[in-house]
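The values are calculated or read from the model by the stated rules, or taken from the named source; none is laboratory data. Treat the numbers as computed from the prediction; the structure is a model and nothing was measured. Using ideal geometry, Cβ is built from the backbone for each residue, glycine included, and neighbour counts are taken over all protein chains shown. These area figures cover heavy atoms from the full protein model, side chains too; ligands, DNA and RNA do not enter into them. Shrake-Rupley method; radii C 1.70, N 1.55, O 1.52, S 1.80 Å.
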Amino acid sequence: MRHLNEYLDSLKGNRIAVLGLGVSNQPLVRLLLSHGLDVTACDKTSSVEKLALGDLGAKLHLGEDYLQNLDADVIFRTPGMRPDLEPLQKAVENGAVLTSEMEAFFEVCPCRIIAVTGSDGKTTTTTLISELLKAAGKKVWVGGNIGTPLLDRAAEMAEDDIAVLELSSFQLMTMACSPSVAVVTNLAPNHLDMHKDMAEYVDAKKNIFLHQNENGKLVLNADNDITCGFAPEAKGSVQFFSRREKQPCGLWADETTIYRGEQPLLQRDEILIPGVHNVENYMAAICAVEGLVPDDVIRQVAMHFGGVEHRIELVREKDGVRYYNDSIASSPSRTIAGLRSFDRKVILIAGGYDKNIPYDVLGPEIVEHCKRLVLTGATAPKIRTAVETAPEYKGTPVMEEYDDFYAAIRAAADAAEAGDVVILSPASASFDRFRNFMERGEAFKQAVWQM
């Protein structure tokens, strides 16, 4: 581990290119410039914020050809950019070092790192870990895929602090270092519009633990075949959590209780946020903070933590109808978890950007858990087909489809009666209409409040 200033000093005399000027890389550019480094800021689009980096001393390379003629000694890529793009590979062949803001943070972070990845539940589990640690009196820094970029905050961190990170497969693709505690919530097909295939996606996720030493700890979902299979590759200790089988050294749950080994730890009805998937998220988080958070603090957090925005978030109740925002659900498995969270059949609004993932598993779940399905977006035909081909489908739920997102919301509201639940849980990404799932969730909430 190097101090941040030492790391920045090591970059002096190098030509640095920062590719993609999003949430994490704009602070990175400012940090590099503040240290007197030679920085070229590159992005496909321009904005006031991006142009302002030029006023601070960055050379700007903006526009569709921003990756052309890439000439740098050190390249920081944005997380969503594949590292094997031809311009990047050519630069590496010419001697450039390819890295990222998160990889640099691992190099300079002075405190323990707990990191979470998976297909579903990453943000909630990361947030739970941070809430548990904070309730136990720890100084916590939350970042990665959520929170704020942390590289420029590393100098403020103390050795006794704890950094809690959510890491995506894109961030992990080129990672050559791992946290002291790694959590993999689950794995299912996802982001196959960006990854070459499922194998590449899984291999990227493995980097969260492959570079641990014998002192590292890996937390795995015993109920997920893919994550369960990671255990033999772990160099450190492995701890499992399960809703299906007793775990002698990990956490497991029956219908009423979460256990540590044979000892009851937490009653499931003490957990404020709904859904069996949140039972899993709690078990994963508790495993991660073992030895750091007392059991009475765990129970207090469970009883008072109200959940994370855009994750089965209760928006309002109007005329006896409850409206939930589950915009984070950008995959079938995530929507399935949301549907299973309710004790009644719901009116589901689904559909969005197509990530080229299969929807066949979603069809039977919609048939079982939905009284009405309102479809919108590019994946609407795929979801409709998945429902119609489900063995249990006998004409219900009623399905309707709308090109307009807001028309779909109005249709769901018009069909709802007192006692119903209307939930936006798209099973699809947001990029056909929105910049991200947060913007989509906000649009849904505004529409609901304007009814």
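Can you name every residue in region 324-344 that is open to solvent by 10 Å² or more (accessible area, probe 1.4 Å), part of a loop (DSSP other than H, G, I, E, B) and under 14 Å from GLY275 (Cα atoms)? Once the filter is applied, which keeps residues that are open to solvent by 10 Å² or more (accessible area, probe 1.4 Å), part of a loop (DSSP other than H, G, I, E, B) and under 14 Å from GLY275 (Cα atoms), region 324-344 yields ARG340, SER341, PHE342, ASP343, ARG344. Could you count how many residues in region 407-424 are touching a strand residue (DSSP E or B) at 6+ places or on another chain (Cβ under 9 Å) and either farther than 19 Å from MET451 by Cβ or not in a loop (DSSP other than H, G, I, E, B) (or both)? Residues that pass the stated criteria total 12. Note on region 282-298: residues that are in contact (Cβ under 8 Å) with a residue 60 or more places away in the chain and open to solvent by 10 Å² or more (accessible area, probe 1.4 Å) total 4.
Remark: pairs (first residue in region 403-425, more than 19 Å from ARG334 (Cβ to Cβ) and free of Cβ contacts under 8 Å to residues at least 40 places away in the same chain; second residue open to solvent by less than 10 Å² (accessible area, probe 1.4 Å) and in a strand (DSSP E or B); Cβ separation under 9 Å; 6+ apart in sequence or on different chains) = ASP403/THR376; ASP404/THR376; ALA407/THR376; ALA411/ILE349; ALA411/VAL374. For region 160-178, taking the residues that are over 11 Å from the mean Cα position of the chain (by Cα) and in a strand (DSSP E or B), the one that is surrounded by the fewest Cβ atoms within 10 Å (Cβ to Cβ) is identified as ILE162. If you go through region 67-90 and keep only what is polar (S, T, N, Q) and either part of a helix (DSSP H, G or I) or open to solvent by 50 Å² or more (accessible area, probe 1.4 Å) (or both), you end up with GLN68, ASN69, GLN89. When MET451 is tested against (1) within 28 Å of the chain's Cα centre (by Cα); (2) hydrophobic (A, V, I, L, M, F, W, C); (3) in a loop (DSSP other than H, G, I, E, B); (4) surrounded by fewer than 23 Cβ atoms within 10 Å (Cβ to Cβ), just one condition goes unmet, and that condition is (1). Screening region 304-323 for residues that are out of contact with any helix residue (DSSP H, G or I) (no Cβ under 8 Å at 6 or more places or on another chain) and assigned to a loop (DSSP other than H, G, I, E, B) and picking the one that is nearest to TRP449 (Cα to Cα) gives ASP319.
Name the single residue, out of those in region 1-54 being of a type in the set (Ser, Thr, Tyr) and in a helix (DSSP H, G or I), that is least open to solvent (accessible area, probe 1.4 Å). Per the stated criteria, the residue is TYR7. Being farther than 18 Å from LYS345 by Cα and open to solvent by 60 Å² or more (accessible area, probe 1.4 Å) is the requirement here; does ASP403 meet it? In short, yes.
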